[in-house]
Amino acid sequence: MFRHRVSDQLDLRTVAHWLLLCFVAGNVNSGGYLACHRFVSHVTGFATLAGIEAAEMRWLDALGVITVPIYFLFGVMISAYFVDRRLHEGRSPRYALVMGLASLCLFVSAGVGVAGWWGEFGHSLVISRDYFLLALLCMASGLQNAALTSSSGSTLRTTHLTGATTDLGIGLVRWWALPSQDARRETEKRVAVLRLGSILSFMLGSTVGAFVYLRWQYAGFFLPALLGLYVTSIAARQPPLEASTSKT
């Protein structure tokens, strides 16, 4: 599921795993919103909320909100260190380690929530109570998103839809504008289908997550954590980069 480009001729198993990660991302976003009424991987939204809190003179809440995306950035940087840096050095990236850390963040979120340390599920907006839960969820999202971004050559995002929707719109126009005999037209069509699938998978994950979290509350985070663990096991079974390169 790693080491492919969105424009490659992909097998069904790889596509299914990519869509699974989009499902996980939508699920986590749904859980974060239902738990504390904030979207997890929506960095733009955090910046907007910080401005609103500041305008209403809630300076501590504004500071808390604006620092939460730092944990998304921290997750991205950890992933970049173990994946992107090693790719540029020609060494085997540590996908399993990165996905394992993302899964660990979700397991901790679930376990601590079930133990009652996060407070009441779905409580009112109080950043001091939500802060560490949001930090863990943002870090997990950053780890996953950066790993897929690096492995797909910056052509696939899983934790937010703005980029995917933009790329889908551009790709559809390219597909429409290219001559019917141009080989690139088929590539654009295939890529558009995959991007549309990622958007729908994210939405499906959010919908399923809503049912799960409304029923099981913080324990619902065990679902994306277990799915992340499954992805970790797949990444761990991939051959080293050097070995796969030597066979090609």
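Considering only DSSP states other than H, G, I, E and B, which GluC sites (Glu not before Pro) in segment 1-109 qualify as loop sites with at most 13 other Cβ atoms within 10 Å?
Filter output for segment 1-109: 56, 89.
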Scoring only Lys, Arg, Asp and Glu (+1, +1, -1, -1) among other residues with Cβ under 14 Å from the Cβ of residue 82 yields +2
For the chain, the helices passing both cut-offs (Cα extent along own axis of 24 Å or more, Kyte-Doolittle mean at least 0.0, full DSSP H runs) are 12-36, 95-114, 127-151, 183-216
Of all trypsin sites (Lys or Arg not before Pro) in segment 168-248, the ones in DSSP coil with at most 16 other Cβ atoms within 10 Å are 237
Going fewest to most other Cβ atoms within 10 Å around each Cβ, 138, 36 line up as 36, 138
Taking a crude spin-label model, label points 7 Å out from Cα along the C-beta direction, the residue 170 to residue 129 distance in nm is 4.3
When 118, 59 are arranged by how many other beta-carbons sit within 10 Å of their Cβ, fewest first, they go 59, 118
With -39,500 (n - 2.57) per DSSP H segment of 4 or more residues and division by the full residue count of the chain, the 222 nm estimate, nearest 500 deg cm²/dmol, is -24000 deg cm²/dmol
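Read the figures in this text as sums done on the coordinates, not as results from a lab. Everything numeric in this text was worked out from a predicted model, so none of it was measured. Note that each Cβ is placed from the backbone with ideal geometry, even for glycine, and that neighbours are counted across all protein chains shown.
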